[in-house]
Structures are given as C-alpha cells and as structure tokens.
Amino acid sequence: MDAADLHLVLDPLVKEEVLFHGLLLASKDPDLCTDCGLCREKCRFNAVDESNDIIRESCEGCGVCELVCPERAICMVERVSGTAFLSGTRFGPMAHACLHTAEEGSGKLVTLVRSMAMKAAEAEGRELILIDGPPGIGCPVISAISGVDMMLAVTEPTVSGIHDLERVLAVADHFGVPATVCVNKSDINEELSAQIAAFCASRGLEFLGSIPYDASVTKAMVLGQTIIEYGDTQAADQGDMGQAENGPSSLTEPGGDLLPSHRRLCTVAQVATRTPAPGHGFPSHWNRRESPEGSA
C-alpha cells in the first residue's frame, strides 16, 4: 500500500535522513544525441517522448535505451527515489520512509528502513523492534519478514482475506519464520472469523484473537491518537488479547521473560512508505526536524 499513515498518529520528530536510491534512471547527453529515435522505438515503458527526451516518471531503469543507442548518448545513473528517516516519537524511536511521486517501493527500501531501526534499537537498548509490513507476498514482504523472530499476520474475515492469509503463511513457512494470526474487523463476518480460527488450529498456528470493527479507530486517527490513547473502546480492549486469551504472550520465552534484545516482530499489514501529492514534496507532517540543539 502506498498510503501508510502511522506518522499521522505518532507525529515523528525527524532526527536523521538518508537518501534512498531505487531503480536506475536513463540519462541522455543532448550533445551526443542525433535524434535517431531508436531509444523511443525500443522502450517498452513509453519512457521516451516525441523529442527523444527521457520521461523520468515512466523510466523503469531497464537499460535497453543505453544498449541500443548507436552514439552512446544514454547512460544509466542513480536516482534519488525518496528519503528514509529515523525519528523520535512519544512512544520511542521510529524508522520510516517517503517515496517521491511515481517511485516504486521495493525490498531494498524495506531493508534500509530495517537497518535504521536496528541502529536505533542498539543505541537506545530497545528489546523489541516492530515492523509494519506490507500485504501480499512480493519482495517488500520477503524483506520485511526475513530474519524476524515472529510474524503476526493480520487478516480480515473475507474470502480474499483468507486467500491472502494462506499465501503469506506459505511464504513465512518457506523462510522458516514462526507465524501467528489475528482477525481484524472480526464481527463483519463471524462465520468466516470462526473458519480462520479453525484453520489456524488445524495448522498448529497460534491464533492471538479477534479485533471487532470499531469506528473509534478512525476517530482516534483523526485526533492524532492511537486507539489505546483514545479511550475505552472495543478495539482498545483487545490490545492485551495475547495475554488475556492465551496466557503468556508469544513475545515471551517459555519462562515468561521478554525475548532477548533486538528481537524483531513483523506485522504483515501495511507498508511504511508514503507517496506525496505531485509537486508537494514530503507530507507536511514530516517537516518537523530536530534542531542542532535537539529542540523542535
């Protein structure tokens, strides 16, 4: 998903920025170009216009234009596709990223954000890293779950939700990542919610519980609050479901101790990138920067 909104709730104060280089970009030397049009003819992404200039937003970095150019007027260069941030929030450090318009998220970006999160955890002695992962089974998902100690798959009681759950559980199994499951908006179809719980039981998967549909989640987000901060609601009451329903949480060792330092839990739900509106740069909520003295 290209509309992660965690920053709207946590109001991060940016402390560090790292430029993210994604796909390569074709660059033309106008002094060498003879306008033969071969690059435009061979480009399958329509990334060369009628004037034989490169259309940045359409270029996929495949390099065909560089290969076929008889004058060697085109070369592939790195492009800045976005920025990764290490920020402070009222709940602790947060690593996140923002892509430029039309740029594509990738496992490479997820790896960068994860490395910044690990750096923050080591610097502050944090014992748990939470990764807000994307849906699906593509490269960003693989990068999000690789090497984690546990994956929490968040699903919904719909036919497509069950299908996607089975696929991501297969990916986790392939990479040897322990998985647990919870159902969001469970009361929109209680029959399917029960089927998901039964499916988990048949597979030997830990079912952490269900979160009912609650409009208060949206109301809390509008106020820039987490659902726990917003107050007593059905969804907030499920915040400790792992302890309340299943005894010791899966985030603890058999004796009840917290997992060793820097263990990582991946929640497969939503990607941690956001695409700004064309011409507007990064979202205004990310414009807060820490001053040299450390004050906002």
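Since every read-out is calculated from the coordinates, none of them should be taken as a lab result. Given the structure is predicted, the values throughout are model-derived calculations rather than measurements. No Cβ is skipped: glycine too gets one built from the backbone with ideal geometry, and neighbour counts run over all protein chains shown.
If you sort the three axes of the alpha carbon gyration tensor as a ≥ b ≥ c, you get a/c of 1.5 or more for the stretch 1-101 and a/b above b/c, which makes it prolate. On full extension, the segment bounded by Val77 and His174 gains 31.4 nm, given 0.36 nm per residue less the C-alpha separation. Packing here is the average count of other Cβ atoms within 10 Å per residue, and on that basis the peptides 193-199, 134-140, highest first, run 134-140, 193-199.
Summary of packing: across the peptides 36-44, 113-121, the per-residue average of other C-beta atoms within 10 Å ranks them, highest first, as 113-121, 36-44.
For the peptides 123-132, 143-152, the ranking by mean Cβ contacts within 10 Å, running from highest to lowest, is 143-152, 123-132.
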